[in-house]
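Let me begin by presenting the structure, written as structure tokens, before commenting on it.
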Protein chains: 2
Amino acid sequence: MATAVAPKGLEGIVATSSSICWIDGDAGVLSYRGIDIHELAQHSTFEETAYLLWFGRLPNLAELAAFTKELAAARTLDPKVVDFLRSVPTTGSPMEILRTAVSLLSLYDADEKDNSHEANVRKAYRLTSQIAMIVATFDRIRKGKSVVEADPSLSHAANFLWMLNGEKPSETAAHTFDIALILHADHELNASTFAARVIAATLADIHSAITGAIGALKGPLHGGANEATMRLLYAIDKAGADPAEYVRQMFADKKKISGFGHRVYHTEDPRATHLRRMSEELSRTAGNMKWFEMSRKIELFVKEQKKLNANVDFYSASTYTLLGIDIDLFTPIFAVSRIAGWTAHVIEQHDDNRLIRPRAEYVGPAYPSPYTPIAER
Amino acid sequence: MATAVAPKGLEGIVATSSSICWIDGDAGVLSYRGIDIHELAQHSTFEETAYLLWFGRLPNLAELAAFTKELAAARTLDPKVVDFLRSVPTTGSPMEILRTAVSLLSLYDADEKDNSHEANVRKAYRLTSQIAMIVATFDRIRKGKSVVEADPSLSHAANFLWMLNGEKPSETAAHTFDIALILHADHELNASTFAARVIAATLADIHSAITGAIGALKGPLHGGANEATMRLLYAIDKAGADPAEYVRQMFADKKKISGFGHRVYHTEDPRATHLRRMSEELSRTAGNMKWFEMSRKIELFVKEQKKLNANVDFYSASTYTLLGIDIDLFTPIFAVSRIAGWTAHVIEQHDDNRLIRPRAEYVGPAYPSPYTPIAER
């Protein structure tokens with residue numbers, strides 16, 4: 001059987017065709033269904049972006065209204081799922097809880113056994129609304145606060161902040177978070193999306209695929225970089241150190257810095273442009289420039305020393321902190337956004353499926369090795 | 001950025017190197033760590049095979065004794081996990097329950113945050129024992145039967161049958177099931193194992209990877225084929241039809257038949273050889289040749305008509321049925337075995353990791369497509 005050996009990590013290997021997302025890593029272009037991310041960040045909403053990802057084109061007014069209504073109507077959690085969130089240790093990591101709760105959702109989903117395009121779309125609405133609810137609800141429970149009911153009159157972004165904080169977000173906060181959701185909604189075959197497609201390609205259901213994607217996102221090489229960035233900012237602040245000097249020492253100690261460089265982008269990550277701007281704006285509004293200025297100094301130093309660009313994670317750290325979001329929710333809110341892309345990819349995979357089953361290059365003991373009787377070993 | 005377009009489903013693409021499993025699809029060879037599956041099926045046990053997969057060589061007497069003891073000692077489930085199994089709808093599919101329960105296990109695992117080789121091995125013992133317990137325990141609960149305590153004096157195979165049926169299995173049953181576990185323990189980069197490695201490659205924890213693998217196994221293109229085979233045997237029996245004539249009509253109706261052909265093997269699946277023999281032996285012992293004879297007629301007809309060989313799933317259907325195992329447990333018991341290989345692959349991935357992140361060929365709307373204002377759409 002003919003085999004071709006791919007570079008480690010499948011780097012540069014085209015694993016599938018897709019009409020969802022196009023990235024030009026050299027030019028710093030990210031686009032959903034052909035539309036540039038800068039256009040979407042400037043003019044669109046998460047709802048419109050999710051519509052675009054699922055249905056392949058921008059909605060008209062009536063379509064967007066219907067979509068928004070259906071997404072808001074899907075803001076329900078089976079009481080058994082809320083019971084589950086109350087039953088787990090409050091010290092559990094929000095990503096473990098989210099992974100388990102999403103797996104649990106399928107038990108209460110009427111379409112669990114139906115992988116048709118239509119059923120997958122119905123489940124995409126529900127999963128998108130439910131993941132946001134699970135993240136907010138578990139955070140309330142672990143903090144001993146009352147669970148906040150969803151408000152169907154709010155946007156996806158504003159409802160999440162409402163359910164998380166128990167107070168209506170400012171327009172600036174809701175808009176900033178909405179843009180963050182747009183920026184994170186899809187990124188072609190990133191590891192979690194690829195995991196979702198590998199799982200879906202066995203014709204497993206969408207809940208199985210999304211559960212696997214959440215597991216992949218949990219890894220520090222994928223979703224965890226902005227958490228590490230924020231921990232770095234806190235450490236520098238606590239030490240009262242100069243950011244550039246602190247990072248210089250990290251490099252001298254052969255430590256890695258999170259939030260820089262990207263497998264795909266060889267120029268500025270187009271999402272970083274917006275997150276830098278939002279971090280700065282939120283800082284001015286809050287009258288607290290500390291995290292932004294510290295971030296900026298690190299960014300310039302790393303660029304000068306290592307020729308590395310800040311990626312999506314670097315300024316999302318300070319942006320989320322300025323929105324009052326806990327550090328261990330950074331990765332869960334990545335899922336609150338990326339669910340739009342994950343579900344689009346699972347739907348696309350199921351619509352034209354082939355099992356994803358590569359080969360391994362065998363580098364173990366020679367075949368056939370003898371089965372030596374145990375007394376002679 | 002240079003990219004290479006791989007065939008759909010990554011067919012024939014070498015995605016990673018591995019020293020665990022070597023398959024020669026043309027010659028019909030399957031081997032673990034260089035040792036032929038026929039040797040293992042004839043002489044080994046599941047415990048010894050798991051040791052081989054995890055540690056790269058066969059154990060000596062003392063090592064096997066210590067391994068067996070540690071695996072048996074890991075037969076514990078946190079009471080919260082048993083509570084969970086009691087709380088879910090008894091109509092839930094065992095694979096949904098297993099996927100969710102395994103995700104839940106990480107919340108009660110002391111090593112959850114530790115991805116070191118040593119911690120991964122400790123978790124591999126626990127996951128291997130716990131998956132078997134979850135499958136058996138949920139089946140007891142859904143049938144309204146009392147939960148059976150694990151018996152540390154029994155082998156992995158015998159303990160599973162004991163916990164499932166509440167009576168000690170015959171030597172023949174335990175031995176047959178043990179061989180089935182050996183045969184299914186690993187299969188290189190099958191879809192569930194590949195999903196586990198994609199997830200683990202973000203440096204996500206082993207529970208995330210195994211949860212994703214269970215999701216992938218749930219898909220009918222992967223774990224579900226022997227369920228479909230058994231349903232076919234029941235349908236033929238119910239219709240009182242001639243097996244070959246029934247299948248001839250299926251082909252005339254353009255229906256697919258499960259349990260035949262394989263992405264990797266182009267000759268007889270070496271696992272099928274053993275399952276055919278075991279199916280026949282169990283049938284003779286039981287004095288009930290019906291399922292075996294029906295299977296044999298179908299196998300010969302499909303071979304003659306379509307030049308397709310029976311794969312691992314075809315005779316596992318009748319074998320498991322003769323062992324008294326319900327049809328919807330066929331895929332869960334695949335997991336009871338494959339956990340040995342999944343964990344070996346996750347450990348190998350973490351030991352020498354690189355993020356698995358391929359690219360997609362973009363086939364969507366041209367970039368840049370305009371962002372038309374909504375009023376003009």
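The values are calculated or read from the model by the stated rules, or taken from the named source; none is laboratory data. Note that this is a predicted model, so its numbers are computed, not measured. As a convention, Cβ positions derive from the backbone with ideal geometry for all residues, glycine included, and neighbour counts pool all protein chains shown. Keep in mind that these areas ignore ligands, DNA and RNA; they rest on the heavy atoms of the full protein, side chains included. Shrake-Rupley method; radii C 1.70, N 1.55, O 1.52, S 1.80 Å.
Quick notes on this structure:
- Checked against (1) closer than 29 Å to A:ASN353 by Cα; (2) at the interface with chain B (Cβ under 9 Å from one of its Cβ atoms), A:GLN42 meets all criteria but (1).
- Cβ-Cβ under 8 Å pairs, at least 6 apart or on other chains, the stretch B:111-134 side of a type in the set (Lys, Arg), far side part of a helix (DSSP H, G or I): B:LYS123/B:ILE206; B:LYS123/B:HIS207; B:LYS123/B:THR343; B:ARG126/B:LEU105
- Scan the stretch B:350-374 for residues that are outside any loop (DSSP other than H, G, I, E, B) and at the interface with chain A (Cβ under 7 Å from one of its Cβ atoms) and the total you get is 5.
- Verdict on B:THR343 being open to solvent by 10 Å² or more (accessible area, probe 1.4 Å), assigned to a helix (DSSP H, G or I), over 30 Å from A:LEU30 (Cα atoms) and of a type in the set (Ser, Thr, Tyr): no
- Tallying residues that are open to solvent by 10 Å² or more (accessible area, probe 1.4 Å) and closer than 19 Å to A:LEU30 by Cα within the stretch A:314-333 yields 0.
This table checks each residue for (1) buried (at least 24 other Cβ atoms within 10 Å of the Cβ); (2) without any contact (Cβ under 8 Å) to a residue 40 or more places away in the chain.
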site	(1), (2)
A:ALA173	no, no
A:THR176	yes, no
A:LEU181	yes, no
A:ALA195	yes, yes
A:VAL198	yes, no
A:ALA201	yes, no
A:GLY212	yes, yes
A:PRO220	no, yes
A:THR229	yes, no
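- Test: residue in the stretch A:307-315 that is assigned to a helix (DSSP H, G or I), in contact (Cβ under 8 Å) with a residue 60 or more places away in the chain and farther than 15 Å from A:ALA41 by Cβ: yes
- Residue check, B:ARG357 at pLDDT below 95 and either assigned by TED's automatic domain parsing to the domain that holds B:LYS255 or surrounded by 24 or more Cβ atoms within 10 Å (Cβ to Cβ) (or both): yes
- Filtered residue count, the stretch A:254-281, keeping only those that are among the aromatic types (Phe, Trp, Tyr) and open to solvent by 60 Å² or more (accessible area, probe 1.4 Å): 0
- Considering residues of the stretch B:89-112 that are under 23 Å from the mean Cα position of the chain (by Cα) and facing another protein chain (nearest Cβ under 7 Å) only, the residue surrounded by the fewest Cβ atoms within 10 Å (Cβ to Cβ): B:GLY92
- In the condition set (1) open to solvent by 30 Å² or more (accessible area, probe 1.4 Å); (2) closer than 30 Å to A:SER17 by Cβ, A:GLU376 is compliant with all but (2).
- For the stretch A:149-207, residues that are away from chain B (no Cβ under 14 Å), over 20 Å from A:ARG271 (Cα atoms) and in a loop (DSSP other than H, G, I, E, B) total 12.
- Of all residues in the stretch B:231-253 being in a loop (DSSP other than H, G, I, E, B) and surrounded by fewer than 13 Cβ atoms within 10 Å (Cβ to Cβ), the one that is nearest to the other protein chains (Cβ to nearest Cβ): B:ASP253
- Hits in the stretch B:30-59 - residues which are farther than 16 Å from B:ALA180 by Cα and open to solvent by 50 Å² or more (accessible area, probe 1.4 Å): B:PHE55, B:ARG57
- Of all residues in the stretch B:13-28 being open to solvent by 20 Å² or more (accessible area, probe 1.4 Å) and within 9 Å of chain A (Cβ to nearest Cβ), the one that is farthest from B:VAL346 (Cα to Cα): B:ASP26
- Count of residues meeting criterion [touching a strand residue (DSSP E or B) at 6+ places or on another chain (Cβ under 6 Å) and more than 11 Å from chain A (Cβ to nearest Cβ)] in the stretch B:45-69: 0
- Flag if B:ASN190 is buried (at least 21 other Cβ atoms within 10 Å of the Cβ) and out of contact with any helix residue (DSSP H, G or I) (no Cβ under 7 Å at 6 or more places or on another chain): yes
- Any hit, the stretch A:121-143, residues being at pLDDT 95 or above, outside any helix (DSSP H, G or I) and away from chain B (no Cβ under 14 Å): yes
- For B:LEU275, the test of being within 30 Å of B:ALA209 (Cβ to Cβ), more than 14 Å from every other protein chain (Cβ to nearest Cβ), assigned to a helix (DSSP H, G or I) and not basic (Lys, Arg) is passed.
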